[in-house]
């Protein structure tokens, strides 16, 4: 039984290197010094043609680097994005949907905003 919408994805992300951080939302990207993922669920819909209790969850993963220099940030994000996509692919529970390169208004915080989805099962608690 899943009670935390993010729990299945957090479990999959545990395969990332120990130096990575996974944080929730809201977050403070100014303190980032290592590859960091801000994770939150955005949508929950019933899975099509599935039994009651099965849902599709959409998630946003915002992948940050601590580098402020654009060239160093691109190199770090390229490597980190490759590692993250490999973990998602290997999990076989999540579907990669989109990724968009993003920066803060002042161009000092560099990231990828990634959308993935996956199925979960929510069962009614029996008392």
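Just so it is clear, none of the values below were taken in a lab; they were calculated from the coordinates. Worth saying up front: this structure is predicted, and the values here are computed from it rather than measured. Here the Cβ positions follow ideal geometry from the backbone for every residue, glycine too, while neighbour counts run over all protein chains shown.
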Rounded to 0.05, the calculated FRET efficiency for the beta carbons of residue 4 and residue 104 at R₀ = 30 Å is 0.55
Pairwise FRET efficiency - residue 56 versus residue 83, Cβ, R0 = 30 Å, nearest 0.05: 0.75
One quarter of the C-alpha convex hull surface, i.e. the mean projected area of the chain in nm², amounts to 8.8
Roughly what % of DSSP beta bridges within the chain run antiparallel, to the nearest 5? 90
Could you order the peptides 101-110, 32-41 from most to least packed, using the average number of other C-beta atoms within 10 Å per residue? 32-41, 101-110
Roughly how tilted is helix 70-91, in degrees to the nearest 10 and between 0 and 90, from the longest Cα axis of the chain? 20
Among 59-66, 71-78, what's the highest-first ranking by average C-beta atoms within 10 angstrom per residue? 59-66, 71-78
So if we plug the beta-carbon distance of residue 18 and residue 40 into 1/(1 + (r/R0)^6) with R0 = 30 Å, what FRET efficiency do we get, rounded to 0.05? 0.85
If I take every Cα pair under 8 Å that is 6 or more residues apart in the chain, average their sequence separation and divide by the length, what percent do I get for the relative contact order? 28
Burial ranking of peptide ranges 83-90, 20-27 (average Cβ count within 10 Å, highest at the top): 83-90, 20-27
Suppose each label sits 7 Å from its Cα in the direction of the beta carbon; what would the residue 121-residue 97 distance come out to in nanometres? 2.3
For the chain, what is the calculated [θ] at 222 nm in deg cm²/dmol (nearest 500), taking -39500 (n - 2.57) for each run of four or more DSSP H residues and dividing by its residue count? -7500 deg cm²/dmol
